[in-house]
Amino acid sequence: MAQGNTGSRAAAAPQIFDEAPYLTAAYAPMRKSCFTRDDEHWPRIQALKDRIDSVTLDVLEWALEAAIDEGEAAVERTAVSTIVREQHDYRASLNTVDCNSVTRVSWAATADPIRNYYRLEEIHEGDVFLYNDIHESSGTIGHLPDFCVVVPIFSDGRLIGFAQLFGHCNDVGGKMAGSWSLTATTVFEEGIQVPPIKLYARGVRNEDLWKVILRNSRYPDDLRGDIDAFVGATRIIQRRVEELCRRYGTDVVEAGFYRIIDRCEEIVRDEALPHIPDGEYVGEDFLETDGIDLERPIKLMLTVRKDPQKIIVDFAGTDPQVPGPVNWVMDGRHYSKWLGGFVKAQVPGMIVNEGMTRVFKAYLPPRTVLSAEYPAAGADRMDCMLRMLGAYMAAMAKATGGQMVGDSQCIQLYGFFGKDQDGKDFLYREIFGAGSGARPFADGTDTVDLVPHSKNLPSEFIEQRFPVRVHRVGMFPDSGGPGAFRGGLGYLKDVEILVDGHFLTVSYRTIFACFGVNGGMAGRSGGAVINPGSPREQQIFYKREAIPVKAGDVVRILTPGGGGWGDPLARVPDMVRLDAQRGLVSLRSAREDYGVVLEEVSDPARRYEVDEAATRTLRATLKAQRPPLKMINRGPHAERLIREGRITVSDFDYPAQFDEAAYLAAAGAA
Amino acid sequence: MAWRIGVDTGGTFTDVVAIDEASGKRYVRKTSSTPDDPSRAFTQGIAELLDEVGVDAADVSFISHGTTVATNAILESRYARLGLVVTRGYREMLEVGRQTVPGDFGDITWWLKPPRVVPLELVREVGGRLDFKGAELAPLDEDAVRGIAAEFKAMGIDAIAVSFLHSYRNPAHERRARELILEGHPACFVSVSSDVIREYREYERTLSTCLNTGLMPLVTSYLSKLQTRLADAQIDARLYVMKSSGGIIHASEMAPQPIAAVLSGPAAGIVTACYYGKAAGYPNLITIDIGGTSTDICLIDQGTPHMLTEGRIDIYNIKAPMIDMHTVGAGGGSIAWLSAGRSLRVGPQSAGAQPGPVCYGRGGTAPALTDAHLVLGRVSPYLLGGSIRLDAAAARRAIGEHIATPLGIGIEDAAMGILDLATNNIAQGINVVSVKRGRDPRDYALMAFGGAGGLNACLVAEALGIRTIVSPPSPGVTSAEGLLSTNVRSDRVITDVQREDTLDLARLIREYENLHAQVVADLAREGFRGADTAVTGFADMRYAGQAYEVRVPVTVLDATLTEAAVRNAIKAFHRAHDDRFGYEYEGRHPVEIVNIGATGFGLFPPLVTAQETRDGCSWEGARKDLRRGVFRGVGEVPLPIYERALAPIGIGMAGPCIIEQYDATLVVEPGWQAVLDATGQIVLRPTYREA
């Protein structure tokens, strides 16, 4: 690692980064499985690909996207597992016969494992494949609860591609109810492993296999409902593609698949890359723990090397794989689509597919926590997914001179399980959003989830279904990272359990905080408190599998605030006043973090007014006392670990590039 | 003589239709809308039409109104400033919402949450709590409610929404709170969530209640203004308003529940479609209503549209019974653009009515769908009887500059591409209401209306394999017509989740009987009794564990349910689930009955359908122009233009040709043939026969 180059801006003549070092044994192959085509149809399809007219291509592209939409919508209406339905943790996609994704993907699975297990001539119409085996998934499925259904699509008597849909099922066995163990050290503790199999052969279900799979779930009805929904959805997609073949001709449709992939590549290179400054930028972030060793944070590190032709994301410096279940058993190809998906912001309307991986490349040294090997545990790899985004955003903050959003931690789970009043097993597990990071143009958003269309659970639903009572649902005051734009607020939710049972947390950023950007401060960490304000109060940090709770215990769930953006002492004082009136920011935070002095007034429509003179004086004093503003402010816990030498970062002293005049213009427009 | 009058207020025009009950004769009038005070165009349109036809005001027996007052108030955030009272612990309910970010992955970084209907500083909490069975855990804090009423009164807040947890099971606390608020603040508009919708999911119920409350002052004053203006015009007919459910309700009943009218106009269009579909012998229809910015799509089975219990207006999910309409962003004003400089897209951005497509010459520079139609010769350069002149050269320039040149293709090819993509968007929207619901669109006739419906109908039908297209007599005023062929409607529903294996049948029957009695009472207030009413039952069910329900009919005998009827409804649910989603679990997985409900209709005497004669008419006589048109696979050809009013009955005319009328244009593509039938509708079929 060339630490000396960290964050340097590009010189006048752009440096071209050499890809050769990544093609050596020092790095794992970017793609775990590769398939080539040499069939009789291939020359014809290649020739047709370059002749297909652009309008037909557009129609095909949108029709395929619509087919995906349609399949996903069917899952939403019928699936049973909370995480599938409310969190939208499922994705459909369409792959070519050589397993390249055609439709939009950011984390969709592919058909690679099917091709690894079955010769083409063994794949027939009516077959339905199923798998969840993370170590045999070629970097397409990262933890066992994600069951993936794949159906082959035939037209004119030949296989032209695969429709697939994976979704996160409630329980697939393993040591913990909900199959999200936080302490497993091998995949064997995490649930049933299904390598690619034919659940249906030529339309006939293998009932024996089906029984085995269902028998391995604590909630077999849920699993059956989910997988039936997935199969139904993939068949919808299959039918849509077959119809397109009838309308446009099989060759045209298949040639269209490949042209759509080329087009993504061209758009990323020609339209998205110019928005990102050339150069080399390092970003880092930390998992709090692997669940086994609470004392040791895990470092993710990446170096973005951008030149006019490509982006390379080099993960050298990332910690080795760990005993606990946070390992992400993937390959560079998957991360290319996961991180590369964010360039879409530069090109409205574009479809991100396999073409992304030709321009936006991710390379991993072998056996890191992001390129873990058998039999690594991976149930909680979501921690890596989210922190990887943090590391990437930190790098991009430097690339853009601070014009990047603050950090956020907008997916976590909390839950209760045990036996209800009737003695039946229950698992109430809910996905919580949190505060999003402040933007260079606006505050972060309060209590939102990272995944689009994700939903929390209505109290009226929770209380019907589970032995709990929800006493409060709201926001965690003062949790948003102070900044010229404030980070979004996390949740505050009080839940009383009505039976003896267990409380579980799948929570990150409980001691670390979401970092602020460009002078913004870090948000507050999340966590939980059992019986807050009582003599039996118990603070919960880290992720925890099973904390015993008694009937009548009230658990306060808190999710982290987003990182702030820009200098908090520059924040428009009336915005601080309104936050205080609404109870989102305390008077103390207004004074100490924002340097705003508020006085209470009798007008119920205002409640506070800004003491302008006192505010000016206080702000001047605070400015004189404080250290220089940082580009990346990771909050007090991380800073302490850095000072103690327990973690290292390259950007501890990297200065903010906050421009107050530009901020005031943006705040005026907001 | 007795005349029924329908008035549909749209953004540009107010359409008035009058029908003579005895003969079925119809008269149509379009007048410019008056957005500053829509009631002006309302009465002016009626007066002009009565004057033109020579009808005495005293002979008007019935007036029915489709209004956008509620919709526009939501779209433009013009509802009243209101306060909200919620259960303790739920002050931030509207802020938290469902934690949902719309759009794509990554959009969280730039998405801005729109302002809440009630800002946090106007939300108050009170003590009092029910459990999910409706049992009281803590009594309502009445003093707190009184204090809030006094505080809001002092602050000048004159509309208050009340929403308490689990009120769908037991509305007692909400009703008491309303009493207390009205005692302390009698001039206040109050609505409580259990009156707006008796269903669980507190955020959605509260949001709908807030919007409802915020609309009450505006809609109340609008309706009373209409009543006054009608009285001034010596018209003493009853005034009805169209609801989103496709039924009408007396204006005085509308005032406390304006949320029920958010899709008033489009719903009326669907009612017309049902009416004409049945008249032409096509009770199974897919309708496309293509307007300036969007296309509304609806599927009609056996003359009845599907119903939903919630829908979306702008950014809000609204809980109120409404016709299941799917809207896609493809209309005459939809803009064609290139994503990343190379991929053609149409919409969802729209040039709308202002500035409109380039050819309108009102400052639009981005090529729109209408520009493409014009370039291909599919629309006349003169619209609405010559009142609007279109600039074809400007349309060509815009398509050339923005689409054809960058793509390196010809202008006509680019224009056809725009048509293809718009067609595709609409076809995919049709798939949403058909295939996704387990219906094959090829089993349906396509009814196209709205000003632009006929321009795209054949292309849409071809894309889906639909072999029958129906064009109603006046495609441009379908909503106004629908106001005259509907019935009074009342929907009542209650959430009570029960599993079939632990079903308390007596409770379910009791609940249904209550709802039934309420519906009968609703209809009686509207003057409908006995044989003039029809009441049907329905239930929303799901498999235990699912979170979305499927609605199935429940057979009602003598105002009550039987065990057999419930069992049959459960069977119907299994079939419906299989039909829609491809599998069912009959006998293997328990069903949950989530909601039970009753729908009542107050039936008006059916309208007579006028029979057209058209003696002496011929296609030759109807021919009024010859243009050049460009069609895919055919190229540029001579394109005859016919006047619809002069077309003969029962004689086919093959495409390519165009059939024009005052408010709409119908393109008959090559390979299609048009026939006018005796009910005034044009039916299109392919001229070729597939094996």
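The values are calculated or read from the model by the stated rules, or taken from the named source; none is laboratory data. Here the structure is a predicted model, which means the values were calculated and not measured. Here the Cβ positions follow ideal geometry from the backbone for every residue, glycine too, while neighbour counts run over all protein chains shown.
Some points to look at:
- Long-range neighbours under 6 Å by Cβ, at least six apart or interchain, first residue farther than 9 Å from residue B:94 by Cα and within 11 Å of chain A (Cβ to nearest Cβ) within the stretch B:115-126, second surrounded by 19 or more Cβ atoms within 10 Å (Cβ to Cβ) and aromatic (Phe, Trp, Tyr): none
- Residue within the stretch A:412-430 that is within 11 Å of chain B (Cβ to nearest Cβ), within 19 Å of the chain's Cα centre (by Cα) and within 30 Å of residue A:502 (Cα to Cα) present: yes
- Only helices (runs of 4 or more DSSP H) whose full extent lies in the stretch B:137-234 are considered here, and the ones with at least 2 residues that are within 34 Å of the chain's Cα centre (by Cα) and not acidic (Asp, Glu) are B:172-184, B:193-196, B:202-232.
- Residue in the stretch A:58-66 that is β-branched (Val, Ile, Thr), within 10 Å of chain B (Cβ to nearest Cβ) and surrounded by 13 or more Cβ atoms within 10 Å (Cβ to Cβ) present: yes
- Candidate set from the stretch A:67-88 (those that are outside any helix (DSSP H, G or I) and at negative phi); member that is farthest from the other protein chains (Cβ to nearest Cβ): A:87
- Residues of the stretch A:576-603 that are away from every other protein chain (no Cβ under 14 Å) and of a type in the set (A, V, I, L, M, F, W, C): A:576, A:587, A:590, A:596, A:597, A:598.
- Test: residue B:172 is of a type in the set (Gly, Ala, Ser) and within 21 Å of residue B:144 (Cβ to Cβ): yes
- Number of the exception - residue A:32 against (1) within 11 Å of chain B (Cβ to nearest Cβ); (2) buried (at least 20 other Cβ atoms within 10 Å of the Cβ); (3) under 25 Å from the mean Cα position of the chain (by Cα): (1)
- In the set (1) touching a residue at least 24 places away in the same chain (Cβ under 8 Å); (2) among the hydrophobic types (A, V, I, L, M, F, W, C); (3) away from every other protein chain (no Cβ under 11 Å), residue B:157 fails one condition alone, (3).
- Each residue in the stretch B:370-428 was checked for being of a type in the set (Ser, Thr, Tyr) and touching a residue at least 24 places away in the same chain (Cβ under 8 Å), and 3 of them qualify.
- Filtered residues of the stretch B:550-596 (kept if under 21 Å from residue A:77 (Cα atoms), more than 14 Å from chain A (Cβ to nearest Cβ) and assigned to a strand (DSSP E or B)): B:552, B:553, B:596
- Whenever a residue of the stretch B:41-66 is within 16 Å of residue B:228 (Cα to Cα), its partners that are in a helix (DSSP H, G or I), lying with C-beta atoms within less than 6 angstrom and at least six residues away or across chains, give the pairs B:43/B:229.
- Looking only at residues in the stretch A:451-494 that are of a type in the set (Phe, Trp, Tyr) and at the interface with chain B (Cβ under 9 Å from one of its Cβ atoms), the one that is surrounded by the most Cβ atoms within 10 Å (Cβ to Cβ) is A:491.
- The stretch B:297-353 holds strands (runs of 3 or more DSSP E) entirely within its bounds, and those carrying 3 or more residues that are touching a Leu at 6+ places or on another chain (Cβ under 9 Å) map to B:316-323, B:334-339, B:343-350.
- For the stretch B:50-65, filtering for residues that are at pLDDT 90 or above and within 25 Å of residue B:264 (Cα to Cα) leaves 5.
- Put simply, of B:415, B:461, B:457, B:452 the only residue that is among the hydrophobic types (A, V, I, L, M, F, W, C) and within 12 Å of chain A (Cβ to nearest Cβ) is B:415.
- In the stretch B:84-129, the residues that are closer than 25 Å to residue B:169 by Cα and of a type in the set (Ser, Thr, Tyr): B:87, B:90
- In the set (1) in contact (Cβ under 8 Å) with a residue 12 or more places away in the chain; (2) surrounded by fewer than 18 Cβ atoms within 10 Å (Cβ to Cβ); (3) of a type in the set (A, V, I, L, M, F, W, C), the condition left unmet by residue B:483 is number (2).
- Flag if residue B:627 is over 19 Å from residue B:473 (Cβ atoms) and out of contact with any Cys (no Cβ under 6 Å at 6 or more places or on another chain): yes
For every residue, the table says whether it meets (1) away from chain B (no Cβ under 11 Å); (2) modelled with pLDDT of 95 or more; (3) within 30 Å of residue B:584 (Cα to Cα).
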{"site": "A:228", "(1), (2), (3)": "no, no, yes"}
{"site": "A:258", "(1), (2), (3)": "yes, yes, no"}
{"site": "A:276", "(1), (2), (3)": "yes, no, no"}
{"site": "A:281", "(1), (2), (3)": "yes, yes, no"}
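- Selection within the stretch B:79-110 - at the interface with chain A (Cβ under 9 Å from one of its Cβ atoms) and within 28 Å of the chain's Cα centre (by Cα): B:97, B:98, B:99, B:100, B:101, B:102, B:103, B:104
- In the stretch A:431-450 there is no residue matching the filter, namely being within 20 Å of the chain's Cα centre (by Cα), surrounded by fewer than 23 Cβ atoms within 10 Å (Cβ to Cβ) and of a type outside the set (A, V, I, L, M).
- Any chance residue A:280 is assigned to a strand (DSSP E or B) and closer than 13 Å to residue A:392 by Cβ: no
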